[in-house]
Amino acid sequence: MAVSYIGASAVTTTIAGQTHTPHVNTQTGDLLLFFHYTTPNTGTEAVTPPDGWTTIFNAISQNFGLICVAWHIRAAGETTYTSSIANHETGASGDSMLEWVETYRGVDPTTAIGSVTAANSTWASSLNLGSIAAPASTSLAVGNMVCVFGGRMENVTGQTLLTGDSL
């Protein structure tokens, strides 16, 4: 079975513990990916994915943003997932944040996430995130999905599509 994208939760944009309800068509056994991006105003931000999730990447570079990505296989009876956030400033001059959960179906639940190449970019003052290197071909099998997540410090509330190589 091919991996298929089912949908995403609503995007949350406030600084506090975030509760996410996955896409309405999410089923038991689906792969859930948690995404968090914050542009820091000051301080050292921290985010903790929902309980029971496996962190893929969780790093901050002062003035470049905090990125966190985690995964989880949905179990029977689960309906919502809550992350926690610390050391974020609120108000008009505070930090900006985006957070959501995506649902994918057709993954092997025992090896849902394979080799991971994670890196923080420092393209903080550019409208271009720059090139994103794909994982080494020896770490990918035919049919593997590659997921790319990036954020721009200048425009955390807007999104533009990636370009190149079938993106």
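Values in this text are rule-based calculations from the coordinates and carry no lab data. It should be emphasised that the depicted structure is a prediction, and the values quoted were computed from it without experimental measurement. Virtual Cβ from ideal backbone geometry, glycine too; neighbours counted across all protein chains shown.
Numerical summary
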| item | result |
| --- | --- |
| Approximate spin-label separation A76-T21, in nm, with each point projected 7 Å along Cα-to-Cβ | 2.3 |
| Mean Cβ count within 10 Å, highest first, over the residues of peptides 69-77, 30-38 | 30-38, 69-77 |
| For I56, residues with placed amide H under 5 Å, excluding near neighbours | V69, A70, W71 |
| FRET efficiency estimate (nearest 0.05) - Cβ-Cβ, A10 to D108, R0 35 angstrom | 0.80 |
